[in-house]
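Q: Shown below is the structure under consideration.
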């Protein structure tokens, strides 16, 4: 495997300093994809340069430089008068020890700011414009305000499909691009929004056991109760050095790891830091985010899952088809083979919502446990089958049977166990999962048929209970769509580890349990591809 050099490298020669250096101090604050510098108000450099709070500054140390947002402090415990403090991310980028000499000066505005202003004014941008903006974003030259302006401008004046391609192409170019030297490298992605939809952790061992290369790097949850990396972390280490990940892929043809160490499409991670708090996820930005990561990771073939349902991200078939066409247009321009599958998103997949509960479900399916959630099993098999059919040796329609045979024979379980050992097993026992000891049973107020489960509300309740930060927190579903229940029947159980978390979750349940009861004829219909 090889990769292109990271174009956002910050190594540069220090210009001749014009002032005495300050002493660099690591300030232990996680500023989440934003470099922040700290100067004391009585610092001589601060007074001499005429800095203002929240201004962009350039920090230089030992041949490296970064751009940072300035915070001015009055507390000597945070930073001294002769010190230059930097946040955790900034300190890591400078790669110098605590106490190293450092210089700070006013920063030049990012070169792409004129292009940003044109997009704010609703203009269509060129390929060069998007490349310039993304280079500055990946180089952390934009403040959070400027990032927000770009995200909102792209969301308000929807990007046309060629602009989406330009943005995606630029995001790929902003980081390293992997080359596995294999003719077929597969990947799978879901656009999200469905709690418990942990099919990736089943698809990867099935497909890798078949023999296809499947290097899966996943994100952690931002607004959901668990991401693939959060759930896999219950079973094994996921934050591994990049060289170790490549060794595992060469050995087992797969990995299931956090993607933060890979440096793939770094501009996407920066944009996500403002998109998620604003709950903005426009089609164009979604396509660019997903496809840039897949192309940068070296995938040649991608199966994309678009769930549709009343409380899913996509709520109708026409909307799903429009999104599919946009994905297909950009993927074709990027020479990525894409298979879009539209699936049932009316309710959570599986029973568990939260890292430990979802890991339990995954292991039950891999072990062919008769109590395993069948919806999770069936969806994973169908997605794995579609990926296996990417192989030129497999006829269309045979993939599901092959995937089912691999699962039922125990080969997928053996492959998953080997992967867990290679990444560093955590000794998880799904027969006795370490769930939060505090529980709350949510019951049906009356008899009826479950005709609705609100994905957003169930996810919110699981997060309020502590997931994903508290691995054993979450929601364990006892009933799904179409089930008939009596008054007092337990619909789901909330697990928490702290009384405050359980109380927050209880209040959310009182406002809306997330379940709707009615007649069987009231069940929402959905037209999906499998």
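The values are calculated or read from the model by the stated rules, or taken from the named source; none is laboratory data. The shown structure was predicted, so the numbers you read here are calculated from the model rather than taken from an experiment. Using ideal geometry, Cβ is built from the backbone for each residue, glycine included, and neighbour counts are taken over all protein chains shown.
Q: Could you grab me the full set of residues in region 493-512 that are more than 24 Å from residue 446 (Cβ to Cβ), out of contact with any helix residue (DSSP H, G or I) (no Cβ under 6 Å at 6 or more places or on another chain) and not in a helix (DSSP H, G or I)? Show your work before the answer.
A: Filtering region 493-512 down to residues more than 24 Å from residue 446 (Cβ to Cβ) leaves 495-504.
Checking the rest, the ones that are also out of contact with any helix residue (DSSP H, G or I) (no Cβ under 6 Å at 6 or more places or on another chain) come to 495, 497-503.
Across region 493-512, the qualifying residues are 495, 497, 498.
Q: On the phi > 0 side of the Ramachandran plot and at pLDDT below 95, is that true of residue 397?
A: Numbers: on the phi > 0 side of the Ramachandran plot: yes; at pLDDT below 95: yes.
Yes.
Q: Mind checking which residues of region 181-199 are surrounded by fewer than 24 Cβ atoms within 10 Å (Cβ to Cβ) and out of contact with any strand residue (DSSP E or B) (no Cβ under 6 Å at 6 or more places or on another chain)?
A: The answer is 181, 183, 184, 192, 193.
Q: Hey, residue 515 hits all of (1) over 12 Å from residue 442 (Cβ atoms); (2) modelled with pLDDT of 95 or more; (3) over 26 Å from the mean Cα position of the chain (by Cα); (4) surrounded by 14 or more Cβ atoms within 10 Å (Cβ to Cβ) but one; which does it fall short on?
A: Every listed condition holds for residue 515 apart from (1).
Conditions (1) surrounded by fewer than 20 Cβ atoms within 10 Å (Cβ to Cβ); (2) at positive phi; (3) assigned by TED's automatic domain parsing to the domain that holds residue 212, marked per residue:
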residue: 254; (1), (2), (3): no, no, yes
residue: 267; (1), (2), (3): no, no, yes
residue: 271; (1), (2), (3): no, no, yes
residue: 279; (1), (2), (3): yes, yes, yes
residue: 314; (1), (2), (3): no, no, yes
residue: 329; (1), (2), (3): yes, no, yes
residue: 342; (1), (2), (3): no, no, yes
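Q: In addition: Condition check: surrounded by fewer than 18 Cβ atoms within 10 Å (Cβ to Cβ), touching a helix residue (DSSP H, G or I) at 6+ places or on another chain (Cβ under 7 Å) and on the phi < 0 side of the Ramachandran plot. Does residue 124 satisfy that? Write out each step before concluding.
A: Numbers: surrounded by fewer than 18 Cβ atoms within 10 Å (Cβ to Cβ): yes; touching a helix residue (DSSP H, G or I) at 6+ places or on another chain (Cβ under 7 Å): yes; on the phi < 0 side of the Ramachandran plot: yes.
Criteria met by residue 124.
The rows are residues; the columns are (1) at pLDDT 90 or above; (2) outside any loop (DSSP other than H, G, I, E, B); (3) closer than 23 Å to residue 343 by Cβ.
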{"residue": "255", "(1), (2), (3)": "yes, yes, no"}
{"residue": "269", "(1), (2), (3)": "no, yes, no"}
{"residue": "284", "(1), (2), (3)": "yes, yes, yes"}
{"residue": "287", "(1), (2), (3)": "yes, yes, yes"}
{"residue": "293", "(1), (2), (3)": "yes, yes, yes"}
{"residue": "311", "(1), (2), (3)": "yes, no, yes"}
{"residue": "319", "(1), (2), (3)": "yes, yes, yes"}
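Listed here are the residues, each with its yes/no results for (1) assigned by TED's automatic domain parsing to the domain that holds residue 283; (2) under 23 Å from the mean Cα position of the chain (by Cα); (3) under 29 Å from residue 314 (Cα atoms); (4) part of a loop (DSSP other than H, G, I, E, B).
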site: 117; (1), (2), (3), (4): no, no, no, no
site: 153; (1), (2), (3), (4): no, yes, yes, no
site: 169; (1), (2), (3), (4): no, yes, yes, no
site: 182; (1), (2), (3), (4): yes, no, no, yes
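Q: Looking at (1) out of contact with any strand residue (DSSP E or B) (no Cβ under 6 Å at 6 or more places or on another chain); (2) within 20 Å of residue 186 (Cα to Cα); (3) surrounded by fewer than 22 Cβ atoms within 10 Å (Cβ to Cβ), find the lone condition where residue 262 falls short.
A: (1)
Q: Please tell me if residue 488 is assigned by TED's automatic domain parsing to the domain that holds residue 372, farther than 22 Å from residue 233 by Cβ and loosely packed, with under 15 Cβ neighbours inside 10 Å. Walk me through how you get there before you give the answer.
A: On the way: assigned by TED's automatic domain parsing to the domain that holds residue 372: no; farther than 22 Å from residue 233 by Cβ: yes; loosely packed, with under 15 Cβ neighbours inside 10 Å: yes.
No, not satisfied.
Q: Test residue 436 against the stated conditions and say whether it is outside any helix (DSSP H, G or I) and closer than 22 Å to residue 203 by Cβ.
A: Numbers: outside any helix (DSSP H, G or I): yes; closer than 22 Å to residue 203 by Cβ: no.
Here the answer is no, as residue 436 does not meet what is asked.
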